[in-house]
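Nothing in this text is a laboratory measurement; each read-out follows from the coordinates by a stated rule. All values reported here derive from a predicted model rather than from experimental measurement. Positions of Cβ are generated from backbone atoms using ideal geometry, with glycine treated the same way; all protein chains shown enter the neighbour counts.
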Amino acid sequence: MIASERSEPILIQGGMGVAVSGWQLARAVSKRGQLGVVSGTAIDSVLARRLQMGDPSGDLRRALAEFPYQPMADRILARYFVPGGKSAHEPFVATTVLPVCPSQEQVELVVVANFVEVFLAKEGHDGLVGINLLEKIQTPTLASLYGAMLADVDYVLMGAGIPRTIPGILDRFAQGEPANMAIYVDGADANEVHRIHFSPAEFTQGEVPWLKRPKFLAIVASATLASMLAKKADGYVDGFVIEGPSAGGHNAPPRGTAQFNAIGEPIYGDRDVVDLRFFRELGRPFWLAGSYGTPDKLAAALSAGAAGIQVGTAFAYCRESGLDDSLKQRVIELVQRGEARVFTDPVASPTGFPFKVLGLTGSMSEAVALQDRHKVCDLGYLRHAHKMADGSIVWRCPGEPTQAYFQKDGCEADTVGRKCVCNGLMAAIGLAQCRKSGDELPLVTCGNDVNSIAAFLPNEDVTAYSASDVIDHLMSAVQPIAP
């Protein structure tokens with residue numbers, strides 16, 4: 001057992017989207033003295049849909065009442081709240097990812113949604129709360145950060161790209177200053193820069209508060225990326241989460257020439273193993289992630305100089321997570337039978353990053369194939385900008401209807417095997433869109449170590465566990481130093 005006396009949290013609860021890492025889970029973890037993290041991915045659509053479901057607990061409306069600019073909260077309630085909830089077969093009101101030049105109404109929804117999620121996670125205790133965002137989803141980033149900061153978020157975690165400008169944006173927002181961020185445009189000239197912009201003064205009509213600057217943790221898969229961020233980021237990077245290829249969700253592609261195993265998964269090799277000596281010499285706290293959800297792995301991480309570990313899969317199936325309860329039950333039953341299978345799909349995600357997929361019947365073929373699905377792209381969080389030959393900018397996604405993608409200069413090879421991650425993840429938290437072709441089916445992601453969640457169940461007859469059960473089990477490797 002390892003003694004510990006640390007200012008940083010030992011456990012970081014993974015920021016799993018869409019809304020699997022919701023405020024209930026983050027608050028449960030934070031109240032236990034560790035870092036609870038909410039996912040900011042698509043949280044504007046999540047808030048809108050939850051309000052249309054009637055907000056039966058009243059938590060969302062209570063948080064909206066605390067938003068510092070009440071006319072904005074009132075407009076969102078007026079547009080989306082349905083007393084008693086919409087009918088089961090009525091589709092949700094459409095929402096989509098922010099465009100480059102959004103309306104005030106669109107920006108308000110993103111800012112307010114991030115505020116609500118962080119506010120509820122922080123309510124009733126003095127623990128630490130973070131928010132996780134994906135660098136790949138760029139247009140909502142500035143508004144998301146500002147909304148989280150309005151709710152006094154303590155940490156910002158970001159991966160799935162190179163978040164070089166984020167620390168400086170946090171600095172500027174803390175001072176009430178405007179910020180902008182370059183967005184990637186496929187096909188743009190080398191010297192051509194496209195930017196998104198957010199001004200606190202414009203958003204608040206001059207009522208700009210002074211805000212706390214949260215710590216920034218970059219999620220990385222290599223010492224090379226960490227070194228670049230430490231040296232060249234616009235602002236200070238406070239620490240790193242080093243995420244290995246066995247972690248759930250999106251993974252960094254293997255380094256070097258692509259190779260695949262017999263069932264089509266990318267093969268990771270020695271070049272993908274991170275040398276921790278660099279991080280120890282860098283002198284900034286770091287956490288290890290990717291199949292670290294056991295007491296022994298936590299002890300090993302601490303012995304290697306890490307501040308602790310980030311754990312996602314173990315928390316994804318606990319009572320407090322946002323995953324649909326019936327899905328949790330199915331997965332736990334698969335684990336108890338030893339039949340849970342995870343497939344690292346190299347093409348499922350429109351981002352181009354490998355993506356972990358869990359087969360919900362225990363069949364590896366299901367994990368590979370996912371589900372047959374009528375293609376529709378009406379959320380658009382994983383769309384990216386593309387410059388057409390005539391100079392116009394369009395937004396496209398390899399997972400959208402094929403003909404629409406072709407009309408935007410897309411090639412057929414890009415569409416093979418792509419899935420609608422946005423709608424699939426939304427369905428996994430019980431907010432599936434209703435369609436004439438049938439309701440959206442869930443897409444579940446988790447780490448390779450999913451079968452290890454059996455350790456949190458007291459016996460084979462129990463099919464549920466709590467966030468506290470996870471913390472107690474993992475922290476059994478750590479002995480606090482008495483004051």
task = Rounded to the nearest Å, what's the spacing between the alpha carbon centres of the stretch 229-256 and the stretch 393-433? Just the number, please.
result = 25
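Under unit Cβ charges (Lys, Arg +1; Asp, Glu -1), what dipole magnitude, rounded to 20 debye, does the stretch 65-164 have relative to its Cα centre? Walk me through the numbers before you get to the answer.
Numbers: 6 positive and 11 negative charges, 71 e Å.
My answer is approximately 340 debye.
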request  = At q = 0.14, 0.17, 0.23 Å⁻¹, what is the base-10 log of I(q)/I(0) for the stretch 193-270 according to the Debye formula with one equal point scatterer per Cα and no solvent? Please give it to two decimals.
outcome  = -0.73, -0.89, -1.12
request  = Post the alpha-carbon centroid distance, the stretch 58-75 to the stretch 82-119, in whole angstrom.
outcome  = 13
ask   = Rg and Dmax of the stretch 302-353 over Cα atoms: what are they, in angstrom?
value = 15.0, 39
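Among the listed pairs 212/387; 231/408; 328/387; 31/212, which have their C-alpha atoms separated by more than 30 angstrom in this model?
Details: 212/387 38 Å; 231/408 38 Å; 328/387 42 Å; 31/212 21 Å.
212/387; 231/408; 328/387, as the Cα separations exceed 30 Å there.
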task = Using DSSP, restrict attention to beta bridges with both residues in the stretch 192-302 and report what percent are antiparallel, rounded to the nearest 5.
result = 10
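Suppose every Lys and Arg Cβ carries +1 and every Asp and Glu Cβ carries -1, with no other charges. What dipole size does the stretch 159-210 come out with about its Cα centre, to the nearest 20 debye? Let's see the in-between values first.
On the way: 3 positive and 7 negative charges, 31 e Å.
So the magnitude is around 140 debye.
With a 10 Å Cβ neighbour count serving as the proxy for reagent exposure, in which order, fewest first, do 274, 342 appear?
On the way: 274 20, 342 23.
Ranked by crowding around the Cβ, least crowded first: 274, 342.
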request  = Please report how far the C-alpha centroid of the stretch 312-351 lies from that of the stretch 153-197, rounded to the nearest whole angstrom.
outcome  = 32
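If the chain between residue 224 and residue 472 were fully stretched, how many nm would it gain, using 0.36 nm times the residue separation less the Cα-Cα distance?
Values: separation 248, 0.36 × 248 = 89.28 nm, distance 3.46 nm.
Once the chain is fully extended between residue 224 and residue 472, it gains 85.8 nm.
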For residue 156, residues with placed amide H under 5 Å, excluding near neighbours = 131, 215, 216, 217
For the stretch 104-152: rounded, prolate or oblate by the Cα gyration tensor [a/c cutoff 1.5] = oblate
key: Point-to-point label distance, residue 126-residue 199, nm (Cα→Cβ direction, 7 Å offset)   = 3.9
inquiry  = Give me the one-decimal nm value for the distance between modelled label points at residue 188 and residue 326, 7 Å along each residue's Cα-to-Cβ direction.
reply    = 4.4
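If you put +1 on each Lys and Arg Cβ and -1 on each Asp and Glu Cβ, how big is the dipole of the stretch 255-317 around its Cα centre, in Debye rounded to 20?
Values: 6 positive and 6 negative charges, 38 e Å.
Result for the stretch 255-317 is approximately 180 debye, rounded to the nearest 20.
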task = For residue 411 and residue 451, calculate 0.36 nm times their separation in residues minus their Cα-Cα distance, and state this gained length in nm to one decimal.
result = 10.5 nm
task = Determine the shape class of the stretch 79-126: with a ≥ b ≥ c the square roots of the Cα gyration tensor eigenvalues, call it rounded for a/c under 1.5, and otherwise prolate if a/b is greater than b/c, oblate otherwise.
result = oblate
message = Need the list of lysines near residue 419 for cross-linking: C-alpha distance under 16 angstrom, and skip anything on the same chain fewer than eight residues off.
response = 356, 375
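Of all DSSP beta bridges in the chain, what percent run antiparallel (nearest 5)? If you can, show how the numbers build up before the last one.
Working: 15 of 48 bridges.
Around 30 percent of the beta bridges assigned by DSSP in the chain are antiparallel ones.
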inquiry  = Take residue 267 and residue 59, extend 7 Å from each Cα along the Cα→Cβ direction, and tell me the distance between the two endpoints in nm.
reply    = 4.6
In range of the label at residue 337: residues from the stretch 427-445 whose backbone nitrogen is under 17 Å from the point 7 Å along Cα→Cβ = none
